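The structure appears right after this line, and notes come after that.
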Amino acid sequence: MASDISICSAALMLLGDTPIASLDENTKRATMCRTIYTQAVEDVLRLHPWNCLVTQVVLAPETTAPAFGYTAQFARPGDWLRTITVGDDNSGYADYLFVGNKIQANLSTLKLTYLARKEVSEWDSHLVNVITCRMAADLAYPVTKSGTMVDLRIRAYAMALKTAKAVDGQENQPEQIQDSPLIAVRG
């Protein structure tokens, strides 16, 4: 089962270095991992609507209405990473606006599909591999001082990301083309 430490250790081993036992170690390798890991993970998780991170909630409005523009505002979930859809009907789309950490809309309840921060143990194996490759790319120069290794690890990260996105995207049914006024006009 993957963990923050196993991902960082695997990235270090891809670079020919030794693994770490803890992110709290008083070593240069652990300090580099601790410094880079959170931002690298955040970047990768927001890149694609990873199926293992998709979460759906129905939000109730807050008691305080927005100053203007919309009739209600909703608190963005604390584990929110990226919005996929906001809607109140089957189309999954509604008129809304993000203002700070609030979602404003003219709705009595808000259906939100979003990417949530989840534990590493809940991630798909392809996502774990992508983050491992990203960490190896980010650590390549500080660990090896080799431009060639940096290029190699960046290419490996790009390939892992491309593969993971393709596999993840094929797990859901294909989107159906719906009737639309634009299609009807074309005959």
Among [x] 126; [y] 109; [z] 175, the entry that matches volume of the Cα convex hull per residue in Å³ as calculated here: [z]
Arrange the peptides 123-129, 58-64, 40-46 so that the one whose residues have, on average, the most other Cβ atoms within 10 Å appears first. 123-129, 40-46, 58-64
A chain fully extended from SER6 to ALA67 at 0.36 nm per residue, minus the present Cα-Cα distance, gains in nm 17.2 nm
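Considering only DSSP beta bridges where both residues belong to the chain, give the percentage that are antiparallel (nearest 5). Mind showing how you got there, number by number?
Details: 20 of 21 bridges.
Restricted to the chain, the bridges split so that about 95 percent are antiparallel.
Per DSSP H run of n ≥ 4, the term is -39500 (n - 2.57); total these for the chain, divide by its residue number, and report the mean residue ellipticity at 222 nm rounded to 500 deg cm²/dmol.
Values: 5 runs with 79 residues, N = 187.
Dividing the helical sum by the residues of the chain leaves -14000 deg cm²/dmol.
Which percent of the accessible heavy-atom area of region 1-58 goes to carbon and sulfur, probe 1.4 angstrom? Each step should come with its number before you reach the end.
Working: 1730 of 3070 Å².
Ligands and nucleic acids excluded, carbon and sulfur reach 56 percent.
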The chain - Cys residues lacking any other Cys C-beta under 4.7 Å: CYS52, CYS133
Which lysines does LYS102 reach when only Cα atoms under 25 Å apart count, and residues fewer than 8 places away in its own chain are ignored? LYS111, LYS118
Add +1 for every Lys or Arg and -1 for every Asp or Glu among the other residues with Cβ under 11 Å from the Cβ of PRO142, and state the total. +1
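The values are calculated or read from the model by the stated rules, or taken from the named source; none is laboratory data. Everything numeric in this text was worked out from a predicted model, so none of it was measured. Cβ atoms come from the backbone with ideal geometry, glycine included; neighbour counts cover every protein chain shown. Keep in mind that these areas ignore ligands, DNA and RNA; they rest on the heavy atoms of the full protein, side chains included. Shrake-Rupley method; radii C 1.70, N 1.55, O 1.52, S 1.80 Å.
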